[in-house]
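A.B. asks: Please read through the structure below; I'll follow up with questions.
The values are calculated or read from the model by the stated rules, or taken from the named source; none is laboratory data. Quick caveat: nothing in here was measured; it's all calculated off a predicted structure. Here the Cβ is made from the backbone with ideal geometry for all residues, glycine too, and neighbour counts use every protein chain on show. Only protein heavy atoms, including side chains, enter the accessible area calculation; ligands, DNA and RNA are left aside. Shrake-Rupley method; radii C 1.70, N 1.55, O 1.52, S 1.80 Å.
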Amino acid sequence: AIYDKLDGENINAGRILLAMSEFYRNQKEYEKSFSLLKSAIADENLNIDIKVEMLFGILTSSGYSKDELAAQQAIFDVFIQAHPVEPKALTLYSDFLVKKGDYVQARENLREVLKTERDKYIIWEQLLYVNNHLQDFDALFHDSDTIISLFPVQAVPYLFNSMAAYQLNKNDHAIQSAVTGLLYAPDEQPAMKVELLTFMGEAYHRKKDYVKSDSIFTEILKIDPDNV
């Protein structure tokens, strides 16, 4: 009865709208719940961390069907309109764009965030994965070089740097990045070590240093005997 009364008022406070949205969702009145949720997200005075937590839940629990993605897009459109330059908003929206398969726009958003949030390693790493998905090895090489200068003890940037260098026929660079990356690759992640050794071995093979490449491939088979 209280929510019915509130529903007739001109409510614009985000917290109240969120509570009403949750109530109607539990009542299986999904259309009304969705409308109230959009109104809550549009409230610029509602703490953005509350919105991020809620939208992250929606992002991870919702599916990939055309209708589900369209509904998520509608929510994120409101979110970005309310917070067009907020790094938290752009970062989360980038996650949705990756889910939707729009890697080009996701990369643009990530680059915009990284103009001001250069100390956030996880955002840089997401940029590497997006570059790799786009098969943009020039960007992957440049961005991984930048990340290595900022976070020199993270293994993943060396892996992508070695990969990009190999694809760009920079064999010596590919070898050196792999060697350094192996210093920081966690022991509990043998697959990462295998990947680093693979690019190193391939680069030595391309340089016709077959003794070195064979020894590296032998080392890989010690770690992963079933590696075809």
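A.B. asks: If you check SER61 against the conditions, is it modelled with pLDDT under 90, more than 30 Å from VAL153 (Cβ to Cβ) and small (Gly, Ala, Ser)?
C.D. replies: Spelling it out, SER61 is indeed modelled with pLDDT under 90, more than 30 Å from VAL153 (Cβ to Cβ) and small (Gly, Ala, Ser).
A.B. asks: Ok, one more. Of all the helices (runs of 4 or more DSSP H) wholly in segment 1-107, which have at least 2 residues that are under 30 Å from LEU134 (Cα atoms)?
C.D. replies: It comes to 48-61, 66-82, 87-100.
A.B. asks: Looking for something among the basic types (Lys, Arg) and more than 24 Å from LEU97 (Cβ to Cβ) - is there at least one such residue anywhere in segment 31-43?
C.D. replies: The answer is yes, given that some residue of segment 31-43 is among the basic types (Lys, Arg) and more than 24 Å from LEU97 (Cβ to Cβ).
A.B. asks: Report yes if PHE96 is under 16 Å from the mean Cα position of the chain (by Cα), under 30 Å from SER35 (Cα atoms) and surrounded by fewer than 19 Cβ atoms within 10 Å (Cβ to Cβ), otherwise no.
C.D. replies: No.
A.B. asks: A further question on this structure: ALA164 passes all but one of (1) in contact with a Leu (Cβ under 9 Å, 6 or more places away or on another chain); (2) surrounded by fewer than 18 Cβ atoms within 10 Å (Cβ to Cβ); (3) at pLDDT 95 or above; which number fails?
C.D. replies: (2)
A.B. asks: Scan segment 66-80 and tell me whether some residue there is in contact with a Ser or Thr (Cβ under 9 Å, 6 or more places away or on another chain), open to solvent by 20 Å² or more (accessible area, probe 1.4 Å), of a type outside the set (A, V, I, L, M) and modelled with pLDDT of 90 or more.
C.D. replies: yes
A.B. asks: In this structure, is THR146 open to solvent by 40 Å² or more (accessible area, probe 1.4 Å) and polar (S, T, N, Q)?
C.D. replies: No: the conditions fail for THR146.
A.B. asks: Output the number of the condition that THR146 fails; it satisfies all remaining conditions of (1) polar (S, T, N, Q); (2) more than 27 Å from SER62 (Cβ to Cβ); (3) touching a Leu at 6+ places or on another chain (Cβ under 7 Å).
C.D. replies: Tallying (1) polar (S, T, N, Q); (2) more than 27 Å from SER62 (Cβ to Cβ); (3) touching a Leu at 6+ places or on another chain (Cβ under 7 Å), THR146 fails exactly one: (3).
A.B. asks: Select from segment 199-228 the residues that are in contact with a Ser or Thr (Cβ under 9 Å, 6 or more places away or on another chain) and modelled with pLDDT of 95 or more and list them in ascending order.
C.D. replies: Of everything in segment 199-228, those that are in contact with a Ser or Thr (Cβ under 9 Å, 6 or more places away or on another chain) and modelled with pLDDT of 95 or more turn out to be PHE199, MET200, GLY201, GLU202, ALA203, TYR204, HIS205, ARG206, LYS207, ILE216, PHE217, ILE220.
A.B. asks: In segment 165-219, which residue that is of a type in the set (Asp, Glu) and assigned to a helix (DSSP H, G or I) is farthest from the chain's Cα centre (by Cα)?
C.D. replies: ASP214
A.B. asks: I'd like the full set of residues that are more than 20 Å from VAL85 (Cβ to Cβ), outside any helix (DSSP H, G or I) and β-branched (Val, Ile, Thr), limited to segment 108-158.
C.D. replies: Matches in segment 108-158: VAL153 only.
A.B. asks: Of all the residues that make up segment 127-143, how many are open to solvent by less than 50 Å² (accessible area, probe 1.4 Å) and not hydrophobic (A, V, I, L, M, F, W, C)?
C.D. replies: 4
A.B. asks: What pairs come up if the first residue lies in segment 26-44 and is among the acidic types (Asp, Glu), the second is buried (at least 17 other Cβ atoms within 10 Å of the Cβ) and in a helix (DSSP H, G or I), and their beta carbons are under 6 Å apart, counting only those six or more places apart or on different chains?
C.D. replies: ASP43/GLY14; GLU44/ALA82
A.B. asks: Across segment 173-191, which residue is farthest from ASN227 (Cα to Cα) among those that are of a type in the set (A, V, I, L, M) and open to solvent by 20 Å² or more (accessible area, probe 1.4 Å)?
C.D. replies: LEU183
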